[in-house]
Amino acid sequence: MPPTQRSAFDAGMLDLAAAPYGMGSAPVKDDPDRREATVSDVVVRYYVSNAVLTVTVVRVIYF
């Protein structure tokens, strides 16, 4: 990933971590805590755990 895109991706991930149900994300298979979002042209699939305030990225797709 080019450095400029990586910087934008890192900044976008910080925003996503602060508001994991926002940022244009969508639930995956009707599970509100399993989400997918596009961050700086990179598709990110992740889980949200409110109990421990954690966002766990399980898949990143970058072309």
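The values are calculated or read from the model by the stated rules, or taken from the named source; none is laboratory data. Since we're looking at a predicted model, the values are computed, not measured. Neighbour counts are summed over all protein chains in view; Cβ atoms, including those assigned to glycine, are modelled from backbone coordinates with ideal geometry. Remember, those area values only see protein heavy atoms, side chains included, never the ligands or the DNA or RNA. Shrake-Rupley method; radii C 1.70, N 1.55, O 1.52, S 1.80 Å.
Listed values, structure above:
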quantity	calculated
Cα-based radius of gyration of the chain once divided by 2.2 N^0.38 Å, which approximates compact folds	1.08
Selected from VAL52, VAL39, VAL28 as most flexible by GNM, with the chain as the system and alpha-carbon contacts under 10 Å	VAL52
Rounded to 10°, Cα long-axis angle of helix 3-18 versus longest principal axis of the chain	20 degrees
Fraction of accessible area attributable to carbon and sulfur, the chain (%, probe 1.4 Å)	56 percent
Whole-number accessible area per residue in Å² for the stretch 14-58, which is evaluated in the context of all protein chains at 1.4 Å	63 Å²
For the chain: relative contact order, % (alpha-carbon pairs under 8 angstrom, 6 or more apart)	22 percent
Contour excess over end-to-end distance, with Cα ends at ASP10 and GLU36 and 0.36 nm allotted per residue	7.7 nm
Unit charges on C-beta of K, R, D, E only; dipole of the stretch 1-41, Debye	60 debye
